[in-house]
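Note sheet for the following structure.
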Amino acid sequence: MAAQIAFFILLTAGSVVFAWQVQRLRRGLAMGRPSERNDQPLRRWKTMARVALGQGKMGSRPVAALLHVVVYVGFVLINIEVLEILVDGAIGSHRFFAPYLGGAYVGIIGFFELLGVAVIIACLAFLFRRHVMRIPRFRHADMKGWPSKDADIILYIEIMLMSALLLMNTAEAAMDAEAPVVVGHWLAPLLSGMDENSLHWIERIAWWFHFAGILAFLNYLPRSKHFHIILAFPNTWYSKLSARGRIPAMPSVTGEIKSMMDPSYVPDETAVPDRFGAKDVSDLSFANLLNAFTCTECGRCTSACPASITGKSLSPRQIMMATRDRVEESLDKGESAKDNHLLDNFISRESLWACTSCNACVEVCPLNIDPLDIILQMRQYLTMEESAAPAPLNSMMSNIENNGAPWAYPQADRAAWINE
């Protein structure tokens with residue numbers, strides 16, 4: 001009975017904290033404007049199934065893709081066993097589903113154990129890639145400090161959770177030759193010299209560690225980049241489905257143009273925004289903020305960015321991390337953070353104007369995250385609200401307005417170069 005009480009206290013506390021974290025995330029995402037991306041539901045379901053569930057964009061890096069699939073599938077399937085842990089903890093049973101599944105139970109548990117071994121190997125491989133191979137995208141300036149530690153913490157937690165699962169089954173197999181496990185029997189000789197009481201305590205401690213570790217991991221996720229395990233699904237649902245190179249027209253500007261072209265046109269006064277473009281996270285859309293919280297910080301976008309490759313200050317990964325950090329600051333500090341803005345305080349103007357708008361970052365992102373959309377909205381603000389575009393760009397726009405071409409001579413002289 002004491003164990004069941006402790007179980008319910010731990011489960012209730014973990015659930016309450018997780019619910020609070022989800023509510024906090026909801027408040028953060030609510031800072032953005034409505035995304036208006038609920039069209040074409042069938043296409044959105046297909047995109048979510050292909051990209052989020054099917055890992056459809058991971059194949060460009062086969063080694064990383066294989067390791068990620070092992071960890072992803074292992075995490076999802078092994079945690080099905082949590083259902084049995086919850087039942088056992090609630091009613092004080094042991095392997096509640098074993099009598100109902102019969103011989104299939106051993107096969108299922110054996111499969112979970114093998115997946116656990118594969119997850120440990122994959123996590124060790126990820127640590128090797130980060131700290132021994134020193135892959136450049138993991139050594140970028142964006143990853144200094146907490147982002148790098150966060151990645152390591154998740155890998156260590158995964159290793160400990162899987163090790164606890166295997167240790168629990170190994171101790172049980174060492175106590176009972178008929179225990180419904182597979183890998184546990186293979187590893188049981190490692191504990192052959194221990195008495196049954198010690199084995200019982202090892203099995204119980206490993207059980208509680210695995211259960212408490214899952215709750216801790218669940219509550220760590222919302223503060224970690226690894227929340228993409230959950231957010232990948234809604235994020236890919238809200239993917240931008242229009243052509244990647246298309247910059248959406250601003251309704252207010254479209255109305256002005258129509259008014260000039262058609263005197264009978266009556267503009268929609270409600271289409272005039274409080275601000276043109278984006279200066280802070282409240283000017284961005286819900287989808288933009290969801291992108292930021294879904295970002296895995298894998299660095300594929302930055303490693304593919306031509307501006308970043310050639311030494312410019314732009315890093316698409318940093319754009320997403322900065323957006324998330326600004327939302328977090330707003331949630332944590334409230335009114336005291338109102339004088340800060342995403343522009344200048346978190347993202348530099350130099351970075352925004354370094355972007356070539358090539359969409360390479362969007363193309364390679366495994367979760368359809370779109371840093372370019374944020375960059376373009378912030379550029380719109382700089383251009384339309386502050387008239388702060390770079391001098392060459394201002395000259396080009398003036399020439400287009402006055403001459404109908406980006407060059408500083410009238411249309412009648414366009415072909416003059418032929419005579420030269």
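The values are calculated or read from the model by the stated rules, or taken from the named source; none is laboratory data. Worth saying up front: this structure is predicted, and the values here are computed from it rather than measured. All Cβ positions, glycine included, derive from the backbone under ideal geometry; neighbour counts span all protein chains shown.
Key figures for this structure:
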| read-out | value |
| --- | --- |
| Top-ranked residue of the range 111-139 - restricted to ones that are over 17 Å from SER163 (Cβ atoms) and of a type outside the set (A, V, I, L, M, F, W, C), ranked as nearest to the chain's Cα centre (by Cα) | ARG137 |
| Residues being closer than 21 Å to PRO248 by Cα and surrounded by 15 or more Cβ atoms within 10 Å (Cβ to Cβ) - total across the range 344-358 | 5 |
| Which listed residue, of PHE276, PHE227, is hydrophobic (A, V, I, L, M, F, W, C) and either more than 19 Å from LEU25 (Cα to Cα) or touching a strand residue (DSSP E or B) at 6+ places or on another chain (Cβ under 9 Å) (or both) | PHE276 |
| Qualifying residue in the range 131-149 (condition: surrounded by fewer than 18 Cβ atoms within 10 Å (Cβ to Cβ), of a type in the set (S, T, N, Q) and farther than 23 Å from ARG223 by Cα) | no |
| Qualifying residues in the range 378-420 (those that are charged (D, E, K, R) and either over 40 Å from the mean Cα position of the chain (by Cα) or more than 21 Å from LEU352 (Cβ to Cβ) (or both)) - the one surrounded by the fewest Cβ atoms within 10 Å (Cβ to Cβ) | GLU420 |
| Selected residue (criterion: nearest to the chain's Cα centre (by Cα)) from residues of the range 28-44 that are part of a helix (DSSP H, G or I) and of a type in the set (A, V, I, L, M, F, W, C) | LEU29 |
| Residue within the range 217-224 that is over 23 Å from GLY54 (Cβ atoms), in the same structural domain as GLU329 (by TED's automatic domain parsing) and not in a loop (DSSP other than H, G, I, E, B) present | no |
| Among (1) within 18 Å of TYR381 (Cβ to Cβ); (2) acidic (Asp, Glu); (3) buried (at least 17 other Cβ atoms within 10 Å of the Cβ), the one test that ASP339 misses | (3) |
| Tabulated pairs, the range 35-61, first within 15 Å of TYR238 (Cβ to Cβ), second of a type in the set (A, V, I, L, M) and surrounded by fewer than 16 Cβ atoms within 10 Å (Cβ to Cβ), C-beta under 7 angstrom, 6+ apart or interchain | GLN40/LEU241; ARG43/LEU241 |
| Unique match (being under 30 Å from ALA179 (Cβ atoms), part of a helix (DSSP H, G or I) and at pLDDT below 90) among TYR156, TYR100 | TYR100 |
